[in-house]
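The values are calculated or read from the model by the stated rules, or taken from the named source; none is laboratory data. Given the structure is predicted, the values throughout are model-derived calculations rather than measurements. With ideal geometry, Cβ positions are generated from the backbone for all residues, glycine too; neighbour counts draw on all protein chains shown. Keep in mind that these areas ignore ligands, DNA and RNA; they rest on the heavy atoms of the full protein, side chains included. Shrake-Rupley method; radii C 1.70, N 1.55, O 1.52, S 1.80 Å.
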Amino acid sequence: MPAEDAPPKAHPLKLRGIWRFIRPYRLHVAVALMFLALAAGTALWLPWALRGLIDAALLASSDPSQADALRRYFGLLATLAVALGALSALRFHWFTWLSERITADLRQTVYDHVLRQSPEFFETTKSGEVASRLTTDTTLVQTVVGSSLYMGLRNAVMGTGALLLLAWSHPWAVLQVFAVVLLVLMPTIWWGRRVRRLSRASQDRVADASGIATEVLAAMPLVQSYTAESRESRRFTDSTEAAYAVALQRSRARSGLLAFVMITTALLVIWGLYLGSQAVLGGRMTAGELGQSAIYALMFASAVAVLGEVYGEILRAAGASERLAELLGTVSPVRTPAQPTRLPDHAGGSEVALEGVTFHYPSRPDQAALQEVSLRVGAGETVALVGPSGAGKSTVFALLLRFYDAQRGVVRLNGVPVDALALQDLRGHIGLVAQDPVIFSASALDNIRYGQPDATPAQVEAAARAAHAHEFIVRLPEGYDTFLGERGVRLSGGQRQRIAIARAILKNPPLLLLDEATSALDTHSERAVQAALESAMAGRTTLVIAHRLSTVQKADRIVVLDHGRVVEQGSHTELMARGGLYASLAALQFQE
């Protein structure tokens with residue numbers, strides 16, 4: 001991999017970002033560490049009891065009075081075994097609780113952060129990649145906190161304790177211990193760098209595959225209509241194979257690291273046992289002391305081996321933590337100001353004004369979506385925005401909702417610049433019916449109630465009747481409680497549109513934005529819904545985007561946009577008399 005394409009290096013210290021999620025549970029951490037220390041101390045006591053048991057057993061063959069001492073050592077070992085089991089269970093419970101709780105908090109924080117990003121974020125970030133970070137990356141962090149962390153701490157305590165006790169009882173053995181440190185830990189750290197790089201690359205490739213799957217599954221009708229199943233399958237296969245190749249490299253590197261650690265530590269322990277056996281034969285130590293020293297040496301060697309493996313897991317989680325930190329570090333350019341202005345109320349709707357607004361989408365910085373647009377809409381007025389595709393109509397809605405901020409000019413609502421308002425107040429003031437309605441995987445009742453979560457069933461039904469949706473909803477298998485399927489797949493396009501209109505009617509906002517709100521309706525339903533919308537628009541300000549000009553002839557004013565500029569405005573009759581762009585568009589449609 002070229003240097004410029006190499007993924008950023010992860011480092012264990014980058015896990016520090018997780019500490020802010022651990023901090024609220026300091027008491028639980030203290031309890032978990034207490035049980036960890038008690039369990040480790042109990043385990044370290046076992047070799048002392050075993051030493052006494054071995055020596056007492058050897059002496060009992062020549063001295064019958066040692067039989068009582070032998071029974072006491074057996075009793076002590078049994079007590080220690082029971083205590084070790086109980087303390088280990090408590091340690092496991094508290095660390096598992098911490099990992100589950102911290103992971104849940106982490107996922108919620110990441111999800112909340114993503115929800116507050118502007119559309120600019122989603123222009124460059126795939127939803128599948130975000131989903132991968134919410135699942136795969138947080139699961140890796142969970143593994144570290146719930147398993148690797150406590151294993152690392154346990155083995156660090158056990159290894160340190162075994163080292164100290166071994167040095168106290170047999171100082172000569174410490175030299176071998178230091179040999180273990182030099183021969184195992186130093187190469188492990190060097191080898192771990194490659195594992196770290198491959199771990200980050202593997203997580204990135206998995207995210208790529210997840211992004212492809214999410215995108216294709218959301219567009220299955222299109223994929224199948226173009227008989228592109230095999231093509232998409234090959235694309236996903238290529239992505240998963242790339243992830244597999246990197247994962248295999250990572251696995252080989254970790255396998256080699258594990259083999260090196262285990263072989264080296266095993267050979268050193270065997271060498272230590274050989275030296276100890278020679279000392280027993282020479283009368284320089286008892287068999288019990290040899291057993292004790294061997295177990296402590298084995299404890300230390302095992303701790304070193306486990307710490308080497310845990311280090312690999314920590315490196316992998318450091319890569320995941322880094323990716324999550326990148327996501328959490330993303331700052332939305334559209335935010336509520338530190339001291340937002342209160343939005344004043346206006347009787348009979350809201351006043352909207354665009355003053356010399358010029359706007360470029362971040363993904364198209366060289367192409368202006370709006371150029372020096374000035375427009376005023378009075379309270380209670382219904383204004384239609386018409387024009388060719390790409391004229392800037394939907395951009396006006398995006399700026400009113402403050403999905404983006406204009407590079408020049410001011411957008412005002414009731415006389416207040418929208419960037420001075422709290423986003424919650426601004427968007428709570430506006431109702432939107434989009435051209436492509438969003439239907440959630442929920443019931444018809446919940447989908448309509450999305451406009452007002454605390455609405456009663458009677459209020460939901462009233463909104464559905466106004467949107468001409470009640471009739472088809474009650475014919476569904478379970479009426480308003482019918483599950484509509486993912487993205488509303490159980491409904492027709494016109495039915496999904498009427499659900500969206502009912503949702504906006506239920507919200508009852510002072511400013512209503514209709515983006516081709518009747519585009520998916522048949523002629524009969526269009527007339528009924530148009531009448532319902534005219535009733536719903538009464539007493540509020542309404543902006544309507546329409547390509548079907550027959551739906552906007554009754555608007556108080558029609559504003560014609562072309563190439564991001566206002567080129568005409570007036571009533572239908574006035575614009576037809578001028579013979580400009582509107583008249584040309586109308587002539588084409590009405591002749592069809």
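Would you pick out the residues in the stretch 80-92 that are surrounded by 13 or more Cβ atoms within 10 Å (Cβ to Cβ) and not hydrophobic (A, V, I, L, M, F, W, C)?
Within the stretch 80-92, S88, R91 meet the criteria.
Can you list residue pairs whose Cβ atoms sit under 7 Å apart, with the first residue in the stretch 559-586 being in a strand (DSSP E or B) and the second being of a type in the set (S, T, N, Q) and open to solvent by 60 Å² or more (accessible area, probe 1.4 Å)? Count only pairs 6 or more apart in sequence or on different chains.
V559/Q569; V560/Q569
May I ask you to list the residues in the stretch 484-501 that are assigned to a helix (DSSP H, G or I) and within 31 Å of the chain's Cα centre (by Cα)?
E486, R487, G488, G493, R496, Q497, I499, A500, I501
Please specify each residue of the stretch 465-483 satisfying the condition of being in contact with an Asp or Glu (Cβ under 9 Å, 6 or more places away or on another chain) and crowded, with 16+ Cβ neighbours inside 10 Å.
Residues satisfying the conditions are H470, I473, Y480.
Quick check: anything in the stretch 443-455 farther than 30 Å from A583 by Cβ, open to solvent by 60 Å² or more (accessible area, probe 1.4 Å) and among the polar types (S, T, N, Q)?
The answer is no, given that none of the residues of the stretch 443-455 is farther than 30 Å from A583 by Cβ, open to solvent by 60 Å² or more (accessible area, probe 1.4 Å) and among the polar types (S, T, N, Q).
Checking V310 against (1) surrounded by fewer than 21 Cβ atoms within 10 Å (Cβ to Cβ); (2) of a type outside the set (G, A, S); (3) modelled with pLDDT of 70 or more, which single condition isn't satisfied?
(1)
Being part of a loop (DSSP other than H, G, I, E, B), under 35 Å from the mean Cα position of the chain (by Cα) and without any contact (Cβ under 8 Å) to a residue 24 or more places away in the chain, is that true of even one residue in the stretch 341-361?
no
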